[in-house]
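Written below as structure tokens is the structure these notes are about.
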Amino acid sequence: MTTNESPLKISESESEGICIISIDGHLDSLTAERAQSVFTNAAEKHSRILLDCSRTTVLGSSGLRALVMTHRSAVENGGRIAVYVPRPEILETIHISGIQKLVSIHTTMADALAALKA
């Protein structure tokens, strides 16, 4: 990896009225501010957001904060989020933090989509 390459790539798409944000790489103190900006912007425009963490390789405390702040922003705008986390090491970080009590966390994409469609 060169120094000009970002450790995080974020892409956004839409399916059946759900904004899907794919998080590819490190969501940590170096990238969380930029990610939070993308997430907050999406929460202002969409009532249902799915954060796809299937390619998230690192989730630090700043990244956890970004997930919580996105949840709060979505709720404030009358929406909701779900987070798809299939990777055991990322799921463990989430469970240690306890944010699964606040944020809707799912280990399959189908479950995350179903939670937003309900």
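Here are a few things to note about the model shown:
- Tally, over region 42-95, of residues that are aliphatic (A, V, I, L, M), without any contact (Cβ under 8 Å) to a residue 24 or more places away in the chain and under 19 Å from M109 (Cα atoms): 1
- Checking each residue in region 10-45 for being at negative phi and of a type in the set (D, E) picks out E12, E14, D24, D28, E33, E44.
- Selection status of C19, in a strand (DSSP E or B) and more than 16 Å from L8 (Cα to Cα): yes
- On the stretch given as region 52-77, residues that are farther than 19 Å from I20 by Cβ and touching a Ser or Thr at 6+ places or on another chain (Cβ under 7 Å) total 3.
- All positions within region 15-33 that are touching a strand residue (DSSP E or B) at 6+ places or on another chain (Cβ under 7 Å), more than 15 Å from A82 (Cα to Cα) and small (G, A, S): G25
- Take the conditions (1) farther than 16 Å from I21 by Cβ; (2) in contact with a Lys or Arg (Cβ under 6 Å, 6 or more places away or on another chain); L116 misses just one of them, which is (1).
- Selection within region 8-32 - in contact (Cβ under 8 Å) with a residue 24 or more places away in the chain, in contact with a Cys (Cβ under 9 Å, 6 or more places away or on another chain) and not hydrophobic (A, V, I, L, M, F, W, C): E12, S22
Since every read-out is calculated from the coordinates, none of them should be taken as a lab result. Model, not experiment: these values are computed from the prediction. We place every Cβ from the backbone using ideal geometry, glycine too, and count neighbours over all the protein chains shown.
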